[in-house]
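J.: For reference, the structure I am asking about is given below.
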Amino acid sequence: MNENNIHPTAIIGEEVKIGKGNTILPYTIIEGKVQLGDNNVIGPHVVIGCPATDTKHVDLKFGDSKVIIGNNNVIREFSVVEQPCYEEHTIIEDDVFIMQGVHVSHDVRVNRKCVITNTSVLAGIVKILEGANIAMACTVNQYTTIGQYSIVATNAACMKNVRPFSRYIPGRPVSVNEYAIEKFGFVKYRKEIEEYVLNGVFPHSKIISDIVNEFNYWVAKYGRQTY
């Protein structure tokens, strides 16, 4: 604990394990089985590790499963990260930016370099894959997978999976997330990505096919339809 900057008003439970270099700001509560890595910034009035909000688990008991938060993340004020209750973990990997008032429900997985914007809600068992961007005030339905380097538009109610590298804007055809192609260094694969997003052509290069195969794994596991 001496290797971290923890405000005296923060409440840290007995089972919480914290790495080093973390900043935990006023009135935050971290409870239950939580593993927090290094160099994270946890804003004021954040709650991490609270029991799941699930109609089959209303007893508010802490289970044996764990919340795992990696390194170099920012979780801003009034956000919530719940315990899992169906799978082993609720996970936030590394270099994730969670803005104000975000609800990360039970069994959610947020992979590296994602951005979850203000007041968005990730329902139970949602998977947000690497580099995805959830815009302001989105709701993502349970068991939904948001593909790598995709973006979901402001105020969208996302009821289906979103393909990697795509833009989902309700009422419009799915399009290519050109910004992510530039930002994450996929320019040389642009035509291949466009063919996949717009025409469903499976990519031939290993780097892009690996991305699509990971997305397809989660889609097959939960059975949701895809936009």
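J.: Setting aside same-chain residues fewer than 8 positions from Lys183, which lysines have a Cα under 19 Å from its Cα?
T.: Candidates past the 8-residue exclusion: Lys113, Lys191.
J.: Can you tally the net charge around Val201? Count Lys and Arg as +1, Asp and Glu as -1, for every other residue whose Cβ sits under 11 Å from the Cβ of Val201.
T.: Its environment carries a net charge of -2.
J.: What does the helix-only formula give at 222 nm for the chain: each DSSP H stretch with n ≥ 4 adding -39500 (n - 2.57), the total divided by the residues, and the result rounded to the nearest 500 deg cm²/dmol?
T.: Details: 3 runs with 33 residues, N = 227.
That calculation yields -4500 deg cm²/dmol at 222 nm.
J.: Let me ask you something else. Determine the dipole magnitude for the chain: charges of +1 sit on the beta-carbon of Lys and Arg, -1 on that of Asp and Glu, nothing else is charged, the reference point is the Cα centre, and the result goes in debye to the nearest 20.
T.: Values: 22 positive and 24 negative charges, 140 e Å.
Value, rounded to 20: 680 debye.
J.: Residue by residue through segment 200-212, which ³J(HN,Hα) values in whole Hz follow from phi under the Karplus form 6.51 cos²θ - 1.76 cosθ + 1.60 (θ = phi - 60°), with glycine and proline marked x?
T.: Whole-Hz 3J(HN,Hα) from phi for segment 200-212: x, 7, 5, x, 9, 7, 5, 4, 7, 5, 5, 4, 5.
J.: Further question on the same structure: Compute the signed sum of charges (Lys and Arg +1, Asp and Glu -1) over the other residues within less than 10 Å, Cβ to Cβ, of Arg109.
T.: Working: positive: Lys127; negative: Glu87, Glu93, Asp107.
Local net charge: -2.
J.: Now, a different point. How many nm is it between the label spots at Glu194 and His89, if each spot is 7 Å from the Cα in line with the beta carbon?
T.: Inter-label distance under the simple model: 3.8 nm.
J.: Per residue, what accessible area does segment 117-176 have, given a 1.4 Å probe and all protein chains present, in Å²?
T.: For segment 117-176, the per-residue accessible area is 34 Å².
J.: Further question on the same structure: Which percent of the accessible heavy-atom area of the chain goes to carbon and sulfur, probe 1.4 angstrom? Write down the numbers at each step before the final one.
T.: Details: 5640 of 10820 Å².
Reported share for carbon and sulfur atoms: 52 percent.
J.: Where both residues lie in segment 34-108, what percent of DSSP beta bridges are antiparallel, nearest 5? It would help to have the intermediate numbers written out before the result.
T.: Working: 1 of 17 bridges.
Restricted to segment 34-108, the bridges split so that about 5 percent are antiparallel.
J.: Express the Stokes-Einstein translational diffusion coefficient of segment 90-154 in µm² s⁻¹, to the nearest whole number, given a Kirkwood radius over alpha-carbon pairs, 20 °C and a viscosity of 1.002 mPa s.
T.: For these conditions, the coefficient is 195 µm²/s.
J.: Report the antiparallel proportion of the DSSP beta bridges in segment 102-227 as a percent, rounded to a multiple of 5.
T.: 10 percent
J.: Hey, another quick one. Report, for the chain, the % of DSSP beta bridges that are antiparallel, rounded to 5.
T.: On the way: 3 of 51 bridges.
So the antiparallel bridges in the chain amount to around 5 percent.
J.: Here is a further query. Over 16 Å apart: what share of the alpha carbon pairs of segment 152-208 falls there, rounded to a whole percent?
T.: Considering segment 152-208, 43 percent of its Cα-Cα pairs are separated by more than 16 Å.
J.: Still on this structure: Can you report the principal axis dimensions of segment 1-112 using only the alpha carbons, biggest first, rounded to whole angstrom?
T.: 37, 28, 23 Å, listed from the longest principal axis down.
J.: Quote to one decimal, in nm, the extra length available between Val187 and Val201 on full extension: 0.36 nm per residue of separation minus the C-alpha distance between them.
T.: Value of the extension gain: 3.3 nm.
J.: How much net charge surrounds Glu182 when only the other residues with a Cβ under 13 Å from the Cβ of Glu182 are counted, with Lys and Arg +1 and Asp and Glu -1?
T.: So the surrounding residues net to +2.
J.: Taking only protein heavy atoms and a 1.4 Å probe, what accessible area per residue, in Å², does segment 48-112 have with all protein chains in place?
T.: Details: 2910 Å² over 65 residues.
On a per-residue basis, 45 Å².
J.: Compute the distance in nm between two label points, each set 7 Å from the Cα along the Cα-to-Cβ direction, one at Ser209 and one at Asp59.
T.: 4.9 nm
J.: If one computes the Cα centroid of segment 182-227 and of segment 24-92, what distance in Å separates the two points?
T.: 30 Å
J.: Apply the Debye scattering formula to segment 177-227, with a single equal point scatterer on each alpha-carbon and no solvent, then give log10 I(q)/I(0) at q = 0.14 Å⁻¹.
T.: Cα-only, vacuum Debye calculation for segment 177-227: -0.38.
The values are calculated or read from the model by the stated rules, or taken from the named source; none is laboratory data. Small disclaimer: the values here were computed from a predicted structure and weren't measured. When we count neighbours, we look across all protein chains shown, and the Cβ atoms used for this are built from the backbone with ideal geometry, even at glycine. Only protein heavy atoms, including side chains, enter the accessible area calculation; ligands, DNA and RNA are left aside. Shrake-Rupley method; radii C 1.70, N 1.55, O 1.52, S 1.80 Å.
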